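**Q** Sharing a structure with you now.
The values are calculated or read from the model by the stated rules, or taken from the named source; none is laboratory data. Keep in mind it's a predicted model, so treat the numbers as computed, not measured. Cβ placement follows ideal geometry from the backbone for every residue including glycine, while neighbour counts extend to all protein chains displayed.
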Amino acid sequence: MAKVQVLNVAVLDNPSPFGNPFQFEITFECMEDLPEDLEWKIIYVGSAESEEYDQTLDSVLVGPVPAGRHMFVFQADAPNTGLIPESDAVGVTVVLITCTYRGQEFIRIGYYVNNEYTDPELRENPPLKPDYTQLQRNILASNPRVTRFHINWEGSADRMEDSENVDPAPNISGMLPPSCIPGKVPPLGLMPDNSMDCM
Amino acid sequence: MKLLKPSWVSHNGKPIFSVDIHPDGTKFATGGQGEDSGKVMIWNMAPVLREEDEKNENIPKMLCQMDNHLACVNCVRWSNNGLYLASGGDDKLVMVWKRAAFIGPSTVFGSSSKLANVEQWRCVTILRNHTGDVMDVAWSPHDVWLASCSVDNTIVIWNARKFPEMVTCLRGHTGLVKGLTWDPVGKYIASQADDHSLKVWRTMDWQLETNITKPFSECGGTTHVLRLSWSPDGQYLVSAHAMNNSGPTAQIVERDGWKTNMDFVGHRKAVTVVKFNPKIFKKKQKNGGSPKPSCPYCCCAVGSKDRSLSVWLTSLKRPLVVIHDLFDKSIMDISWTLTGLGILVCSMDGTVAYLDFSLDELGDPLNEEEKNTIHQNIYGKSLAITSTEAQLSTTIIENPEMLKYQQERQNAAQAGSGPGGAGLESTAPKLNSVMNGESLEDIRKNLLKKQVETRTADGRRRITPLCIAQLDTGDFSPALFNSVPILPGSSMPSQLTPQLSSDSSQGQASSLGLRPSHDTLLTSPPPSSSTKGLEDNKDGQSPTHVKQSLLLTSASKIEPMKALDSRFTERSKATPGVTAVISSTAGLTPLDSRAKDGSSILKDVKNKEETSSDSEDKMAAINKNLSFTKRKADLLMDGGEVVEKRKKGRPRKDKMATPISQPFTQVETEGPSRAAATPAPVAALKLPTPSIQKAFSLQVSMEPSVFLEVENDVSVVAGSKLSQLRCSRDGREWDTLLPSSVVTAAGSSDVIAVACEDRMLSVFSSCGRRLLPAIQLATPMSALHCSSHFVMALTAGARLSVWDVQKQTALVKNESLLTIMSGADTTVSQSLLTQQGVPVIGLSSGKSYCFNSSLETWTLIADKGDSLVQCADFRSCLPSHDAPVSSGPLAVMQGRNLNAGRLASRLSSTPHHLQQSMTLAFLENQLAAALTLLSAQEYRYWLLIYARFLVNEGSEYRLRELCKELLGPVHKSAATAWEPTTLGLRKRELLRELLPVIGQNLRFQRLFTEYQEQLELLRNK
């Protein structure tokens, strides 16, 4: 039984210029006092092609966590543009928020992010080298993809085998902006084959 | 009869193993298999009952789902009060759920909106003990216990007031236990297992009452569950799967002699579940027909593996109705509505059916009163306490205010209101309180700026999350009241102080051994030489020896003392810092008993002490241990005025804890100390007196902090020795000189009193001004207390005086304790003075008296041996929110007695009417005691409990008299003796507080209306 339930994540400062920091207001509930901190991470997927372009924007410890309902704002700097393949700068990608307890990830929240030029001129004729100052980042806040994992809350020992993958909106292509190519979208869930509806 | 299968009640096609309707009838729970876990779901009842509600999109159908069970849920059961839901599953766990009051509807984050949980139910406790699948759970009547049974062949009884405490584990079945049912009277619990037996266990001692095997011997095959049921009148127990002549039956077991002569026959396959209608019925009177008195009867539903359901009336030979092919698979569970007219049935095929009966079909349900009459007739006790709400559900509410209280009560009972979001308003304040009135929006705006962010040692960011709502984890807080075994007086050290002058209450961490010495209680005077020797050697004991002797003594204690002593020993070994507790417990313990037992070990103690070495620096550490031993020694000597020679200045501890303020420093004395040499006057009684020390100090008040220091013989002027009294109050000091040695001193924030060797009592103001001329006492001072502006003196001649320094009058004039100390060996074990100037004397006999100056008599306020205390059961009347008043003088004197009703928890050990009378008598005693102690807070506390008890028990006459007294005459008349206040509490305000309590029982609505209107009238005047 998960001791921590994420109740809500509000995406703040959205849409915003590409260079602005990410801000997520996270509300979670804890069943009982946690002896150790929770570790939250924001991971920016630089390219759908390979995990090697994933950037951990920041990780933060959250604690102490007594039983109750809590909230905090997780702010992390924008991704290092130098690490993003130029071909992937514009278009749809993903930002992930993960939370681990005693080194075990128990929730992963994914958002699609659409980066595009606001200027119609640039949109028509994007420069070869992406102009990040002109890019706008739009996080599709209404469609978080939540994956939950059973972990061993009592100790950091071996991770429990069964995992529960909550994938509430099976119609993936429906949520994508029409402009993007479905094949390019990186997978959000870890184990899509295990995916099921919440019911 | 109407039949309905609400298709929307489903676990996505997975089996539903259990169903239970909430006592208030607004919702029901189902339990079964989830996707990859067990699943508990809570559903709204309204869409089942009414078609228009079913069609209304705005009325939620599913209220909450919980996936917390790791494996299939076999049973869900609501507690009788509707506050909790218990679920048991294949994951070997029992989970207890409670509605989270502060949370409104919310969606599961990341899921589509349709899955919104309208209500939030939170697992408040997980009960782990079973080593196999839990098959059935059942709440006892009154929700005292929760029972669970398992395929591990055991039944576990849990303490439902103190989860996760286990009361006992019933062993005896040799097969999977698959069903449980409590006797509605509370005397038994019955279980049925795969081992071809049905066992009935007594709740009194949790032993087997009977083991029924014959009807089950032929039972082959297995059913998933064997849910048996007890009839509401308690007379019949009906089993699940039994066999008669190779045919499956439900066996009827009579309570009287556990006879098994009858059964329900007709199902083609094994009976899985039997469920009695909670109502008892009588034949419906036909209009115009002659009202023939007919026997009341019960109604029972039987579900079977053959997928059919039969409903029986015990008055008919054939079933009322049999429904075949209701399901595709075996019936798993049945639940009746509390009205007795509706029934929900669930099946392994994952569907649920609802049957609606009419009164014409079943008959007229008896109201609770009639049901209670039946119980009363059969068992001599009624179950009125629990069932008032059900009983009155049909009564018409005549008064809007009454309606309000009824509704409030319902809301409170359900921790919010029924389905839908209406619960939000009532829960909003809770949320606000956490956030200091700031709205969530305000908080969110500034959260980033406001939140605390630090860096850990390794440079990582660490955010302290903002807590926006606390979990209501105090769910079982009523248990707090019972949880700590309250030892005599142990409630004292933590709280109080301001209320009392008794210093055993001052939770200072000073040790007992540092107290000014007092001679021990004595009824026969002088000491023997051997005791002197013992005394002389006291100073130099090494800790080990002391411990040994302590262990020795505790081992030789008589039984009732054991708990206390072992605790004491443990504590004193482990943590010397906890003496505050010990001092008071020790002080209040009647000591006589151990004198006899302890005498045999006198020599041991003595020997050890004599061989011990002087180790001055260790002394501080061992003082606590020491004091205990000394106490023993004092006692063994039968008191006696011990002359302390060769003293290093550590005074003997006073065994009676005549609560003189605790000294917190120790000053070295030199030379032989004097004996309290004043010859005892000719009196039948003699109380111990403190002996004189060279110097001592004590704290008399915490707020403001006042310290007293006394140094005797500071200087010799013209042949007479002077003593100095120094007082420091919040840092400011004053001192004064006295012509004689100070024996004892006491003080409050207002006055300081000192008693001298020459039997003079001097009283000073907090600034050092002498307030009274020196008072000459007839005999030496035994105990001196100050509280507020009162001074109490208890002299060695067993006479008591109390003065009001402000008014300069005597409240109690040299009153003899002879009246109360008539018993042979009675000694004073405690004395104190309340803030209101009421003197209280606790005796070793366990009785406590106070002197009522207006009645000019001694009045009994507490008696530890009082059997009423043991048997009074008013727990159901305890306020759920307020902590018990533990700081008042009454609570202090009664100590553990506040834990009343310990024995009463054995529900059926005393007949109900007897227990009722005992409780009533006890509560009235408490009220009278609080009144005579002038303890307003406690008076109010007990008055509310008393009123609640009267309301629950339906004692209208008493309740009416109480209201009348509180209301007083409505019209002013010259000759009225009615006082508008009692103990400074306005009586009509008290009545106003009582009204909501009265309003909770519909039976009293006339009374409620009457007094509510009169109060309104008076207010408008």
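**Q** Mind listing just one residue for me: the one in segment A:13-31 that is more than 8 Å from chain B (Cβ to nearest Cβ) and within 15 Å of the chain's Cα centre (by Cα) and, of those, farthest from B:LEU448 (Cα to Cα)?
**A** That would be A:ASN14.
**Q** Examine segment A:49-60 for a residue that is at pLDDT 90 or above, assigned to a loop (DSSP other than H, G, I, E, B) and facing another protein chain (nearest Cβ under 8 Å), and state whether such a residue exists.
**A** Checked segment A:49-60: no residue is at pLDDT 90 or above, assigned to a loop (DSSP other than H, G, I, E, B) and facing another protein chain (nearest Cβ under 8 Å).
**Q** Select, from A:LEU7, A:LEU34, A:LEU38, the only residue that is more than 8 Å from chain B (Cβ to nearest Cβ), of a type outside the set (Val, Ile, Thr), within 18 Å of the chain's Cα centre (by Cα) and closer than 25 Å to B:ILE126 by Cβ. Break it down stepwise before answering.
**A** Values: A:LEU7 fails: more than 8 Å from chain B (Cβ to nearest Cβ); A:LEU34 fails: within 18 Å of the chain's Cα centre (by Cα).
Testing whether each residue is more than 8 Å from chain B (Cβ to nearest Cβ), of a type outside the set (Val, Ile, Thr), within 18 Å of the chain's Cα centre (by Cα) and closer than 25 Å to B:ILE126 by Cβ leaves just A:LEU38.
**Q** Please state which of the following conditions B:GLY380 fails to meet, knowing it meets all the rest: (1) closer than 30 Å to B:VAL951 by Cα; (2) modelled with pLDDT of 90 or more.
**A** (2)
**Q** Name the residues in segment B:30-66 that are in contact (Cβ under 8 Å) with a residue 40 or more places away in the chain, of a type in the set (Asp, Glu) and touching a strand residue (DSSP E or B) at 6+ places or on another chain (Cβ under 8 Å), would you?
**A** none
**Q** Answer yes or no: is there a residue in segment A:100-108 that is surrounded by 14 or more Cβ atoms within 10 Å (Cβ to Cβ), free of Cβ contacts under 8 Å to residues at least 60 places away in the same chain, within 14 Å of another protein chain (Cβ to nearest Cβ) and hydrophobic (A, V, I, L, M, F, W, C).
**A** Looking for residues that are surrounded by 14 or more Cβ atoms within 10 Å (Cβ to Cβ), free of Cβ contacts under 8 Å to residues at least 60 places away in the same chain, within 14 Å of another protein chain (Cβ to nearest Cβ) and hydrophobic (A, V, I, L, M, F, W, C), one finds none in segment A:100-108, hence no.
Let's see how each residue does on (1) within 14 Å of chain B (Cβ to nearest Cβ); (2) modelled with pLDDT of 85 or more; (3) in a loop (DSSP other than H, G, I, E, B):
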| residue | (1), (2), (3) |
| --- | --- |
| A:PRO126 | no, yes, yes |
| A:THR147 | yes, no, no |
| A:ALA169 | yes, no, yes |
| A:SER179 | no, no, yes |
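**Q** Yes or no: B:ASP233 over 22 Å from B:MET135 (Cα atoms), without any contact (Cβ under 8 Å) to a residue 60 or more places away in the chain and surrounded by 14 or more Cβ atoms within 10 Å (Cβ to Cβ)? Break it down stepwise before answering.
**A** On the way: over 22 Å from B:MET135 (Cα atoms): yes; without any contact (Cβ under 8 Å) to a residue 60 or more places away in the chain: no; surrounded by 14 or more Cβ atoms within 10 Å (Cβ to Cβ): yes.
Here the answer is no, as B:ASP233 does not meet what is asked.
**Q** Let me ask you something else. Of the conditions (1) surrounded by fewer than 21 Cβ atoms within 10 Å (Cβ to Cβ); (2) at pLDDT below 90; (3) more than 20 Å from B:ALA240 (Cβ to Cβ), B:GLY220 clears all except one; give me its number.
**A** (3)
**Q** Select, from B:LYS807, B:LYS813, the only residue that is of a type outside the set (A, V, I, L, M, F, W, C), in a strand (DSSP E or B) and surrounded by fewer than 23 Cβ atoms within 10 Å (Cβ to Cβ).
**A** Details: B:LYS807 fails: in a strand (DSSP E or B).
Answer to the selection: B:LYS813.
**Q** If we keep just the residues of segment B:158-193 that are modelled with pLDDT under 90 and of a type in the set (D, E, K, R), which is farthest from B:ALA86 (Cα to Cα)?
**A** B:LYS187
One line per residue, one yes/no per condition, for (1) in a strand (DSSP E or B); (2) surrounded by fewer than 21 Cβ atoms within 10 Å (Cβ to Cβ); (3) more than 36 Å from the chain's Cα centre (by Cα):
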position: B:VAL40; (1), (2), (3): yes, no, no
position: B:PRO47; (1), (2), (3): no, no, yes
position: B:GLU54; (1), (2), (3): no, yes, yes
position: B:ASN80; (1), (2), (3): no, yes, no
position: B:GLY88; (1), (2), (3): yes, no, no
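**Q** Follow-up. Assuming A:ALA78 fulfils every condition listed in (1) in a strand (DSSP E or B); (2) of a type in the set (A, V, I, L, M, F, W, C); (3) farther than 17 Å from B:LEU466 by Cα apart from one, which condition is it?
**A** (1)
**Q** Note down all Cβ pairs under 6 Å where the first residue falls in segment B:969-984 and is at pLDDT 80 or above, the second is in a loop (DSSP other than H, G, I, E, B), and they're at least six residues apart or on different chains.
**A** Listed pairs, sorted by first residue: B:LEU983/B:LEU934.
**Q** If you go through segment A:86-99, how many residues are over 17 Å from A:PRO144 (Cα atoms), surrounded by 13 or more Cβ atoms within 10 Å (Cβ to Cβ) and not charged (D, E, K, R)? Talk me through it step by step, then tell me what you get.
**A** At the first step, the residues of segment A:86-99 found to be over 17 Å from A:PRO144 (Cα atoms) are A:86-91.
Filter once more, so that each one left must be surrounded by 13 or more Cβ atoms within 10 Å (Cβ to Cβ): A:88-91.
Remaining after also requiring not charged (D, E, K, R): A:89-91.
Qualifying residue count, segment A:86-99: 3.
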